[in-house]
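Below you'll find the structure, written out as structure tokens, and then a few comments.
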Amino acid sequence: MRKVRRLPRSALPADTVQLARYLIGKTLVHDTEEGRTSGRIVETEAYVVGDAAGHAYRGQTQRNRALFLRRGHAYVYFIYGVSYLLNVSSEQAGIGAGVLLRALEPLEGVDLMRKRRGIERLEDLARGPGRLTVAMGVGIHDDGLDLCGDGALWLGTEARPTGEVGVSIRIGITREAHRPLRFFETGSRFVSGPGRLNRVLPLNPEPKNATQRRKDAKENKSRR
DNA sequence: TATGCGATATTCT
DNA sequence: GAATATCGCATAG
């Protein structure tokens, strides 16, 4: 394994889509009192400027203010009453956009991740954005932190060469769901989502996502 | 492998 | 009151 060094902000592309692509293969590290956990980033999604699916779409609020920090800051928020999700802010100060970190391949602190997650299987420790934050010990207290500073949560260089990067539509959203803004390392066992999205292109006809399916089911029921 | 469903907080309408 | 950048468990094929 290569020596992992902190990524300076100047290394991050100053564009949301490019950053999402760039982060594949890089390392996320968290040092806590319990110990260090780290992992290779194998799946991301871009939430670009003017994106109706992005939290910054309706302007800055108390909740999403970290998305408006200059690139390289953590935006953490709570969703579905169950999960915390971690994003990296991606544009210049005052412009709201970010990259959602969706899955990691565990590197260091695997036992600590197992303890935090309460499961054993390596592939499931950080596959999915909500699982990732649990495994890494990331929570709302990390919202707004600078991932390019000298803090405990940071982005690092790649621990080993990155494989081929694939693209697909994003997962779990309804608005602008067709856009090819999800990036992943092809062939990785640590990537979330249905297998058909994890091959290199083709951008297949848009499958219905979970929310839409639920809506349809409900409508069918009330129709009877 | 896919589909269905409940849990549950915060924001927006 | 509805929607949501999810997860874990159940069930079916």
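The residues of the range A:79-97 that are within 12 Å of DNA strand B (Cβ to nearest atom) and either part of a loop (DSSP other than H, G, I, E, B) or surrounded by fewer than 14 Cβ atoms within 10 Å (Cβ to Cβ) (or both), listed by number, are A:Ile79, A:Tyr80, A:Gly81, A:Val82, A:Gly96. The test for being among the hydrophobic types (A, V, I, L, M, F, W, C) and closer than 19 Å to A:Arg175 by Cβ does not hold for A:Val42.
Every test in (1) more than 13 Å from DNA strand B (Cβ to nearest atom); (2) in contact (Cβ under 8 Å) with a residue 40 or more places away in the chain; (3) under 27 Å from A:Gly195 (Cβ atoms); (4) loosely packed, with under 15 Cβ neighbours inside 10 Å is passed by A:Val165 save one, and that test is (4).
For A:Thr37, all conditions in the list (1) touching a helix residue (DSSP H, G or I) at 6+ places or on another chain (Cβ under 9 Å); (2) surrounded by fewer than 24 Cβ atoms within 10 Å (Cβ to Cβ) hold save one; what is the number of the exception? Unmet for A:Thr37, out of (1) touching a helix residue (DSSP H, G or I) at 6+ places or on another chain (Cβ under 9 Å); (2) surrounded by fewer than 24 Cβ atoms within 10 Å (Cβ to Cβ): (2). Checking each residue of the range A:56-65 against the condition of being near DNA strand C (Cβ under 8 Å from one of its atoms) and of a type in the set (Gly, Ala, Ser) gives at least one match. Considered as a group, the residues in the range A:82-115 that are within 7 Å of DNA strand C (Cβ to nearest atom) and over 17 Å from A:Arg40 (Cα atoms) include one that is modelled with the lowest pLDDT, and that residue is A:Val82. Once the range A:45-78 is narrowed to residues that are in a loop (DSSP other than H, G, I, E, B) and charged (D, E, K, R), the residue that is nearest to DNA strand B (Cβ to nearest atom) is A:Arg63.
Does at least one position in the range A:198-206 carry a residue that is modelled with pLDDT of 50 or more and either exposed (fewer than 11 other Cβ atoms within 10 Å of the Cβ) or not in a loop (DSSP other than H, G, I, E, B) (or both)? Scanning the range A:198-206 turns up at least one residue that is modelled with pLDDT of 50 or more and either exposed (fewer than 11 other Cβ atoms within 10 Å of the Cβ) or not in a loop (DSSP other than H, G, I, E, B) (or both). For A:Gly118, state whether it is at positive phi, at pLDDT below 95, near DNA strand C (Cβ under 10 Å from one of its atoms) and surrounded by fewer than 24 Cβ atoms within 10 Å (Cβ to Cβ). Yes: the conditions hold for A:Gly118. If the condition is being closer than 16 Å to A:Gly156 by Cα and more than 16 Å from DNA strand B (Cβ to nearest atom), then the range A:100-121 contributes A:Leu101, A:Leu104, A:Glu105, A:Pro106, A:Leu107, A:Glu108, A:Gly109. Among the residues of the range A:85-107, are any charged (D, E, K, R) and closer than 15 Å to A:Phe190 by Cβ? Yes, some residue in the range A:85-107 is charged (D, E, K, R) and closer than 15 Å to A:Phe190 by Cβ.
Condition check ((1) in contact with a Leu (Cβ under 9 Å, 6 or more places away or on another chain); (2) closer than 20 Å to A:Val4 by Cα; (3) not charged (D, E, K, R)) across all residues:
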residue: A:His30; (1), (2), (3): yes, yes, yes
residue: A:Val48; (1), (2), (3): yes, no, yes
residue: A:Ala56; (1), (2), (3): yes, no, yes
residue: A:Gly59; (1), (2), (3): no, no, yes
residue: A:Ile79; (1), (2), (3): yes, no, yes
residue: A:Gly98; (1), (2), (3): yes, no, yes
residue: A:Lys115; (1), (2), (3): no, no, no
residue: A:Leu122; (1), (2), (3): no, no, yes
residue: A:Thr133; (1), (2), (3): yes, no, yes
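For the range A:70-114, residues that are more than 22 Å from A:Gly172 (Cα to Cα) and in contact (Cβ under 8 Å) with a residue 12 or more places away in the chain total 16. Being surrounded by 15 or more Cβ atoms within 10 Å (Cβ to Cβ) and modelled with pLDDT under 95 is a property that A:Ala177 has.
The values are calculated or read from the model by the stated rules, or taken from the named source; none is laboratory data. Bear in mind that the values here come from a model prediction, so they are computed numbers and not experimental data. Counting neighbours? That spans all protein chains shown, and the Cβs are built from the backbone with ideal geometry, glycine included.
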